[in-house]
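Read the structure below first, then the notes.
The values are calculated or read from the model by the stated rules, or taken from the named source; none is laboratory data. Because the structure is predicted, anything quoted here is derived from the model rather than measured. Neighbour counts are summed over all protein chains in view; Cβ atoms, including those assigned to glycine, are modelled from backbone coordinates with ideal geometry. Ligands, DNA and RNA are stripped out before the accessible areas are found, and what is left, the full protein with its side chains, is counted by its heavy atoms. Shrake-Rupley method; radii C 1.70, N 1.55, O 1.52, S 1.80 Å.
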Amino acid sequence: VDKGYTSSLVPLHINIGGVVESALRANDQMDWLITTKDDAIAGTESGDYYAAMVLPEDFSERMMTFYSAGSARTQIEYYTNDKSNPLAPLITSEGADDLSAKINAEFTGELDKVALSVLSSLANSLEAPESQAAFKNLDTQIGAIS
């Protein structure tokens, strides 16, 4: 449910949740199912899904403002399937923990790739001649004001 983020410094709208979603669709290590928040929670509660992870509305904002003083850490909502199923007796708690750890590792790995990609793209756009010209103009204006 990430709404994206537009910085007041750089007027570029970024939706990291959308990029994470694309990365998960391309990831063939797990059988990710991308759906709505309500369907994800209902599917997990009904036993249709093993677990659900929901990116909050302010996910991009918190990811892009992590360096700001007083910024809060983003929290991903995580729901697990507490229903019994025919395989439950065969799955030990250690096996379930291993599966949870694998899901979390895959998700975190994709999130890391996305974050680095977004930061790299932002850095490249700031090095573009148009950006450099804008910075020079800003520097000139600040000099004139002072």
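Here are the numbers:
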{"item": "Restricting segment 23-68 to residues that are among the aromatic types (Phe, Trp, Tyr) and in a loop (DSSP other than H, G, I, E, B), the residue that is surrounded by the fewest Cβ atoms within 10 Å (Cβ to Cβ)", "result": "Tyr67"}
{"item": "Unique residue being of a type outside the set (A, V, I, L, M, F, W, C), touching a Lys or Arg at 6+ places or on another chain (Cβ under 6 Å) and modelled with pLDDT of 70 or more when the list is Thr65, Thr74", "result": "Thr74"}
{"item": "Count of residues meeting criterion [open to solvent by 70 Å² or more (accessible area, probe 1.4 Å) and in contact (Cβ under 8 Å) with a residue 24 or more places away in the chain] in segment 1-20", "result": "3"}
{"item": "Residues of segment 122-133 satisfying the condition of being within 28 Å of Gly17 (Cβ to Cβ) and open to solvent by less than 70 Å² (accessible area, probe 1.4 Å)", "result": "Leu122, Ala123, Ser125, Leu126, Ala128, Ser131"}
